[in-house]
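**Q** Please see the structure below; I have some questions.
Rule-based calculations on the coordinates, nothing more; no lab input. Values in this document were obtained by computation on a predicted structure and should not be read as measured data. Because the Cβ atoms are built from the backbone with ideal geometry, glycine has one as well, and the counts that use them run over all protein chains shown.
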Amino acid sequence: MAFERIPQVGRAAVGTVSGFKAFILRGSVVDLAVGIVIGAAFTSIVTAFVSDVITPLIPAPGGNLSTWAIHIPWTGKPLLIGALINAVIAFLLIAAVIYYFVVLPVNALMARYKKDPPAESPATRDCPYCLSSIPLMATRCAYCTSPLPPPPAGPASSTAANR
């Protein structure tokens, strides 16, 4: 009895795995994964640069900035101010690089290829006698009942006439 359900479970598993495969191989998911891996590698490079090159150049009381700590008297443990400043500097460097080398170029590229929406032709016009707004194809004004001249020729009047 249990052996009869095994092929059904296998078919369901194959369907689930093929759906997962289609999801993973979509372009946006792969791009996101590559971006995360490159971001992690870049973060380690920037962190090493900040802790090994930049912070030794910054003077701090009692030595360099990376070893600067304030000892808390009631706990006896150090408050690592230098490590916090290292992390803040690394974050600011990463944020600046991402902004100037990713965000600004992508925004410029998107603005260059963005198409403006087509301008819509007006659906109404003003009555020359009472200045009320009336439908474009009207032959008489609904407010003052004056006979109106034909609508101006153009693509709007031809599409409205075909309706």
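**Q** Among the residues of region 111-129, write down those that are part of a loop (DSSP other than H, G, I, E, B) and among the hydroxyl-bearing types (Ser, Thr, Tyr).
**A** Hits for region 111-129 are Ser121, Tyr129.
One line per residue, one yes/no per condition, for (1) within 30 Å of Ala48 (Cα to Cα); (2) among the aromatic types (Phe, Trp, Tyr):
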residue	(1), (2)
Trp68	yes, yes
Gly82	yes, no
Pro105	yes, no
Leu109	no, no
Glu120	no, no
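**Q** Look through Ala138, Ala142, Ala119, Ala123 and report the one residue that is surrounded by fewer than 10 Cβ atoms within 10 Å (Cβ to Cβ), farther than 26 Å from Ile38 by Cα and hydrophobic (A, V, I, L, M, F, W, C). Full working, then the answer.
**A** On the way: Ala138 fails: surrounded by fewer than 10 Cβ atoms within 10 Å (Cβ to Cβ); Ala142 fails: surrounded by fewer than 10 Cβ atoms within 10 Å (Cβ to Cβ); Ala123 fails: surrounded by fewer than 10 Cβ atoms within 10 Å (Cβ to Cβ).
The unique qualifying residue is Ala119.
**Q** Just the residues that are surrounded by 12 or more Cβ atoms within 10 Å (Cβ to Cβ) and within 22 Å of Ala95 (Cα to Cα), please, taken from region 46-75.
**A** Val46, Thr47, Phe49, Val50, Ser51, Ile54, Thr55, Pro56, Ile58, Leu65, Ser66
**Q** Look at region 103-125 and say how many of its residues are within 26 Å of Leu136 (Cβ to Cβ) and either hydroxyl-bearing (Ser, Thr, Tyr) or touching a residue at least 24 places away in the same chain (Cβ under 8 Å) (or both).
**A** Qualifying residue count for the region: 5.
**Q** What pairs come up if the first residue lies in region 139-151 and is in contact (Cβ under 8 Å) with a residue 24 or more places away in the chain, the second is not polar (S, T, N, Q), and their beta carbons are under 9 Å apart, counting only those six or more places apart or on different chains?
**A** Pro151/Arg125; Pro151/Leu136; Pro151/Met137; Pro151/Ala138; Pro151/Ala160; Pro151/Ala161
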